[in-house]
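Following: one structure in structure tokens, then a few remarks.
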Amino acid sequence: MSAELFPERDRTVGARRTPSYVEELNSAQHRAATHGEGPLLIVAGAGTGKTRTLVYRVAHLLDQGVAAERILLLTFTRRAAQEMLSRVERLVGSRSRAVHGGTFHATAHRILRRHGEQAGLASDFTIMDQGDAEDLMQLARARTGMGEKGKRFPKKETLHALYSRHINTDEPVGALLRAEYPQFVEYEADIVTVFADYVQRKQERNLVDYDDLLLFWATMLEAAPALAERIAGAYDHVLVDEYQDTNLLQARILRGMCRTHQNITVVGDDAQSIYAFRGATVRNILDFPQQFPGTTIVALEENYRSVQPILDTTNTLISRAEERYTKQLYTKREGGDRPWLATAQDEPAQTRFVVERILELHEEGIPLAEMAVLFRAGYQSADLEIELAARNIPFEKWGGIKFLEASHVKDVLAFLRVLENPRDEVSWYRILLLMPGIGELTARAAIDSMVRAAWHHQAFAEFAAPSRARDAHRSLVQLLHALRDAPAEGEGVVGTQILTIRQLYDDILRRKYDRVDPRLADLDQLQTIAGGYPSRAAFLSALALEPPQGTQDLGFDGETEDDILTLSTAHSSKGREWDAVFVIWAVDGYFPMSRSLGDPLQVEEERRLMYVAMTRARNHLAVSYPLNVYDTRRGADYSLDQLSRFLDRGVRDTMHRVVVEPPHDEVSAERNGPMEIDLRAILKGRFGGS
């Protein structure tokens with residue numbers, strides 16, 4: 001076994017002991033761990049000790065005389081495999097060290113190194129990481145001529161993502177284009193040509209990407225019987241963690257690995273299958289008994305994480321799933337409050353409720369590190385990030401980049417900044433380079449002309465743009481005139497100004513990026529936040545003075561730097577738990593996302609995603625939703641929102657209802673008086689300036 005792929009485990013725990021399966025496991029865990037021959041499906045509900053059960057399952061096989069080197073444990077992270085095998089070693093001693101454990105990709109790598117030459121793959125192949133693969137895809141893209149200037153064709157990142165999804169799901173390229181990239185459907189034949197060139201380049205250079213590792217493993221098992229016998233025959237038992245996260249290609253591999261026996265154990269929870277966007281399919285776990293006839297199913301239902309009131313709510317929520325394995329989670333823990341369902345008038349009120357409740361719980365003794373705010377998509381935390389920074393509450397964000405660090409958000413803010421300060425050269429430069437036909441030379445010439453005109457508000461309009469940039473120049477001049485003529489202060493004016501900017505910028509965004517919907521949602525959120533400020537100056541100042549960074553340097557009343565609140569997408573929260581969890585934006589169109597509403601399968605995955613989010617909580621759970629949302633995509637300034645369809649009457653009956661009062665804070669600005677000193681002159685004088 002390669003030390004590079006499977007690093008040596010801690011050898012300080014080599015003493016053998018005999019596990020007491022009856023005393024150390026509950027009855028369901030015991031049945032699963034001591035199962036004999038044949039396929040076994042362990043349906044492990046959230047917080048029910050699935051890892052413990054799998055560890056004891058491996059230990060039991062060793063106690064029954066199965067040779068360690070003939071056991072294969074497959075996980076989705078190397079860390080998970082090492083943790084499990086270290087725990088097995090603490091149970092049964094050093095004889096477990098020969099168990100083969102690792103990720104699907106690491107195991108495929110080892111098998112290809114050993115058997116690849118018998119399948120036409122030179123053993124000295126090089127594995128490309130994602131960046132390398134995208135660069136090679138770019139070479140293939142350029143060779144076809146599709147990347148030439150002015151032609152709308154998928155970028156290398158999009159092409160690689162499409163190729164990877166095709167390999168892992170076996171979905172036709174055309175079907176994937178129609179579902180995910182409809183703007184590129186007309187280029188299907190050209191995209192297939194790029195893929196063919198990409199594959200040829202990999203072969204000529206003896207390169208293998210991550211997807212090839214799994215594809216080649218599956219192909220050897222399916223297309224070469226003698227070779228398949230040698231590969232699959234190396235193991236008597238195969239165990240798989242997080243089976244609900246496998247894709248079709250991985251399911252094919254497992255069927256091939258169990259071709260000579262049916263000793264496969266899979267552990268997973270259909271209610272936590274949330275990675276369809278990565279190619280995972282819930283059908284693998286739902287159809288497991290059909291794919292492996294004679295399957296024994298054991299459900300783990302005793303929960304060791306949450307108090308019973310939280311389990312009552314989440315059990316009811318997931319019971320509405322169209323197709324599922326029946327299980328009713330329970331706990332022996334006593335007490336606990338019902339989850340809160342908080343109704344807020346609008347987003348600022350929702351934000352205020354979450355922040356004040358966090359501070360209350362912190363005063364009661366719960367560390368910030370034991371609290372999390374979860375949401376469906378990264379942009380939904382934008383208002384919260386700003387408020388947390390203003391309150392000096394430290395946080396870190398998982399899933400997506402920080403809101404104000406997104407390039408498209410910075411682009412729109414640049415327009416506001418040049419309106420507020422026509423001498424803002426940095427923002428001018430950013431705006432000009434966005435415009436079609438304007439490159440660095442033209443942008444620099446335009447800025448130089450404005451400097452010569454002392455940054456007069458008409459200076460840019462009077463700039464003589466070269467012919468290729470005249471249309472862009474004209475459009476930008478018209479936009480800036482319209483914005484200057486509009487009111488600069490008053491309720492909702494900043495949001496209106498951003499809407500005006502987007503009449504020009506949204507088309508630029510669509511040309512600049514392939515996947516635009518999340519970015520447009522970010523800009524919708526920016527408008528919403530801006531609408532709460534009385535003026536452009538107040539809005540820009542607030543962002544500049546208290547930019548949400550999500551880093552430890554914010555500090556919190558003397559707490560250590562480790563005491564940091566977590567903000568996370570629901571996807572990124574999987575596998576984690578906190579004492580207190582807030583799930584925000586429980587609104588139809590937000591959670592579930594609007595793009596899922598036309599597809600029943602996607603709606604079901606959204607339901608499972610909400611279940612995952614809510615089951616992260618140990619002791620306190622609060623779900624909140626705003627009644628009114630400023631949403632330009634719906635064609636109105638404000639819309640009345642509908643509570644998420646997943647929180648039906650039965651679910652609500654298990655919760656404690658809370659109504660949040662609307663916010664009433666206002667931002668005031670002080671007018672400047674006549675100049676009494678020249679601060680700039682004083683600063684220049686420090687360095688010899690006049």
Would you be able to say whether some residue in the stretch 118-132 is part of a helix (DSSP H, G or I), surrounded by fewer than 20 Cβ atoms within 10 Å (Cβ to Cβ), among the charged types (D, E, K, R) and outside the structural domain of residue 265 (by TED's automatic domain parsing)?
-> yes
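Yes/no per residue for (1) at negative phi; (2) surrounded by 15 or more Cβ atoms within 10 Å (Cβ to Cβ); (3) at pLDDT 80 or above:
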{"position": "463", "(1), (2), (3)": "yes, yes, yes"}
{"position": "475", "(1), (2), (3)": "yes, yes, yes"}
{"position": "508", "(1), (2), (3)": "yes, yes, yes"}
{"position": "527", "(1), (2), (3)": "yes, yes, yes"}
{"position": "537", "(1), (2), (3)": "yes, yes, no"}
{"position": "550", "(1), (2), (3)": "no, yes, no"}
{"position": "554", "(1), (2), (3)": "yes, yes, no"}
{"position": "557", "(1), (2), (3)": "no, no, no"}
Limited to the stretch 634-690, what total is found for residues that are among the β-branched types (Val, Ile, Thr), under 20 Å from residue 606 (Cβ atoms) and modelled with pLDDT under 75?
-> 0
Just a yes or no: is a residue in the stretch 275-288 under 21 Å from residue 50 (Cα atoms), hydroxyl-bearing (Ser, Thr, Tyr) and at pLDDT 95 or above?
-> no
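Condition check ((1) out of contact with any strand residue (DSSP E or B) (no Cβ under 9 Å at 6 or more places or on another chain); (2) surrounded by 15 or more Cβ atoms within 10 Å (Cβ to Cβ); (3) hydrophobic (A, V, I, L, M, F, W, C); (4) modelled with pLDDT under 90) across all residues:
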| site | (1), (2), (3), (4) |
| --- | --- |
| 18 | yes, no, no, yes |
| 21 | yes, yes, no, yes |
| 25 | yes, yes, yes, no |
| 28 | no, yes, yes, no |
| 44 | no, yes, yes, no |
| 59 | yes, yes, yes, no |
| 67 | yes, no, yes, no |
| 73 | no, yes, yes, no |
| 76 | no, yes, yes, yes |
Do we find that residue 61 is in contact (Cβ under 8 Å) with a residue 60 or more places away in the chain and either under 32 Å from the mean Cα position of the chain (by Cα) or part of a helix (DSSP H, G or I) (or both) in this structure?
-> yes
Screening 96, 164, 86 for residues that are under 29 Å from residue 267 (Cα atoms), assigned to a helix (DSSP H, G or I), of a type in the set (Ser, Thr, Tyr) and assigned by TED's automatic domain parsing to the domain that holds residue 194 leaves only 164
Could you tell me whether any residue of the stretch 318-338 is in a helix (DSSP H, G or I) and either surrounded by 21 or more Cβ atoms within 10 Å (Cβ to Cβ) or touching a Phe, Trp or Tyr at 6+ places or on another chain (Cβ under 7 Å) (or both)?
-> yes
Just to be sure, is residue 199 buried (at least 16 other Cβ atoms within 10 Å of the Cβ), over 23 Å from residue 55 (Cα atoms) and not assigned by TED's automatic domain parsing to the domain that holds residue 70?
-> no
Have a look at 136, 162 and point out the one that is within 25 Å of the chain's Cα centre (by Cα) and either buried (at least 16 other Cβ atoms within 10 Å of the Cβ) or at pLDDT below 80 (or both).
-> 162
Specify the residue that is modelled with the lowest pLDDT; the eligible residues are those in the stretch 567-625 that are part of a loop (DSSP other than H, G, I, E, B) and closer than 13 Å to residue 273 by Cα.
-> 575
From 418, 426, 412, grab the single residue that is within 29 Å of residue 526 (Cα to Cα) and touching a Ser or Thr at 6+ places or on another chain (Cβ under 8 Å).
-> 418
From (1) under 16 Å from residue 286 (Cβ atoms); (2) more than 27 Å from the chain's Cα centre (by Cα), pick out the condition that doesn't hold for residue 248.
-> (2)
Going by the conditions given, is residue 462 in contact with a helix residue (DSSP H, G or I) (Cβ under 8 Å, 6 or more places away or on another chain) and not in a helix (DSSP H, G or I)?
-> yes
Quick check: is even one residue across the stretch 396-414 over 26 Å from the mean Cα position of the chain (by Cα), under 30 Å from residue 454 (Cα atoms) and either touching a residue at least 12 places away in the same chain (Cβ under 8 Å) or in the same structural domain as residue 467 (by TED's automatic domain parsing) (or both)?
-> yes
Find all pairs meeting these conditions: Cβ atoms under 6 angstrom apart; at least six residues apart or on different chains; first residue within the stretch 607-623 and of a type in the set (D, E, K, R); second residue assigned to a helix (DSSP H, G or I) and surrounded by 23 or more Cβ atoms within 10 Å (Cβ to Cβ).
-> 608/271; 616/573
So residue 248 clears everything in (1) within 30 Å of residue 47 (Cβ to Cβ); (2) buried (at least 19 other Cβ atoms within 10 Å of the Cβ) except one condition, right? Which one?
-> (2)
Inspect the stretch 81-93 for any residue being out of contact with any helix residue (DSSP H, G or I) (no Cβ under 8 Å at 6 or more places or on another chain), surrounded by 15 or more Cβ atoms within 10 Å (Cβ to Cβ), under 17 Å from residue 51 (Cβ atoms) and among the basic types (Lys, Arg) and give the result as yes or no.
-> yes
Note on residue 354: of the conditions (1) modelled with pLDDT of 90 or more; (2) under 22 Å from the mean Cα position of the chain (by Cα); (3) over 20 Å from residue 620 (Cβ atoms), unmet is (3)
Report whether or not residue 176 is crowded, with 17+ Cβ neighbours inside 10 Å, within 24 Å of residue 509 (Cα to Cα) and in contact with a His (Cβ under 8 Å, 6 or more places away or on another chain).
-> yes
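The values are calculated or read from the model by the stated rules, or taken from the named source; none is laboratory data. Note that the coordinates shown come from a computational prediction; the quantities given were computed from them, not determined experimentally. Here the Cβ is made from the backbone with ideal geometry for all residues, glycine too, and neighbour counts use every protein chain on show.
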